[in-house]
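This report refers to the structure that appears directly beneath it.
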Amino acid sequence: VPPRLIKITPTQLKKQNGRKGMNAWGTYQGKVYNLTPYLKYHPGGVGELLRGAGKVGEAERLFVEIHPWVNWEAMLSECLVGILVSGDNIKA
Ligand code: HEM
């Protein structure tokens, strides 16, 4: 686990949709991961992975729907960025 996890609001997450030079962030079990370094390795392709970027709960929903046997946390532990929080008035 990275030493400092930041708190991430839905508004912050929305910007990280993988477009316009932004990273692609995806949520899984309340945690936010940077999917960008994994994009080129994803067996399902970049476009598929980006479908879940920047949207609360969407990466997890698609991930579980398509390949529930894949171990997200083990594969992307290095890509953990922070914890998703509900409000938008919380300082990171
Ligand atoms: C394979 C979609 C997220 C790891 C695939 C395939 C699709 C897909 C369609 C099948 C490719 C094929 O067999 O032709 C998605 C979507 C995601 C997502 C829509 C989220 C928006 C992830 C994440 C990881 C991941 C976050 C890693 C933590 C893999 C792996 C395979 C795979 C390992 C190969 C699985 C196997 O063949 O058993 N994905 N994926 N995917 N994806 Fe994803």
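Computed values, structure above
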| quantity | calculated |
| --- | --- |
| Listed residue (LEU39, ALA24, HIS67) projecting farthest to the positive dipole end of the chain, Cβ model | ALA24 |
| Computed P(r) (all Cα pairs; segment 6-81; 5 Å bins; percent) | 3, 17, 31, 30, 14, 4, 0 |
| Which of THR36, THR27 is most accessible, then next, and so on - probe 1.4 Å | THR36, THR27 |
| The chain - charge dipole about Cα centre, Lys and Arg +1 at Cβ, Asp and Glu -1, debye rounded to 20 | 420 |
| Approximate spin-label separation SER86-LYS7, in nm, with each point projected 7 Å along Cα-to-Cβ | 1.3 |
| Helix-only CD estimate at 222 nm, as mean residue ellipticity for the chain, using -39500 (n - 2.57) per DSSP H run (n ≥ 4) | -6000 deg cm²/dmol |
| Estimated FRET transfer efficiency (ARG19, TYR41; beta-carbon r; R0 25 Å; 0.05) | 0.80 |
| Surrounding net charge for GLU73, when Lys and Arg each add one and Asp and Glu each subtract one, Cβ distance under 15 Å | -1 |
| Formal net charge of residues neighbouring ALA53 (Cβ-Cβ distance under 14 Å; K, R +1; D, E -1) | +4 |
| Residues whose placed amide H lies under 5 Å from that of GLY18, excluding near-sequence neighbours | ASN23, ALA24, TRP25 |
| Under 19 Å from the Cα of LYS7 - lysines, other chains or at least 8 residues apart | LYS15, LYS31, LYS55, LYS91 |
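The values are calculated or read from the model by the stated rules, or taken from the named source; none is laboratory data. On a predicted model such as this, the values are computed, not experimentally measured, just so you know. In this analysis, Cβ positions are derived from the backbone assuming ideal geometry, glycine residues included, and neighbour counts consider all displayed protein chains. Ligands, DNA and RNA are excluded from the accessible area calculation, which covers all protein heavy atoms including side chains. Shrake-Rupley method; radii C 1.70, N 1.55, O 1.52, S 1.80 Å.
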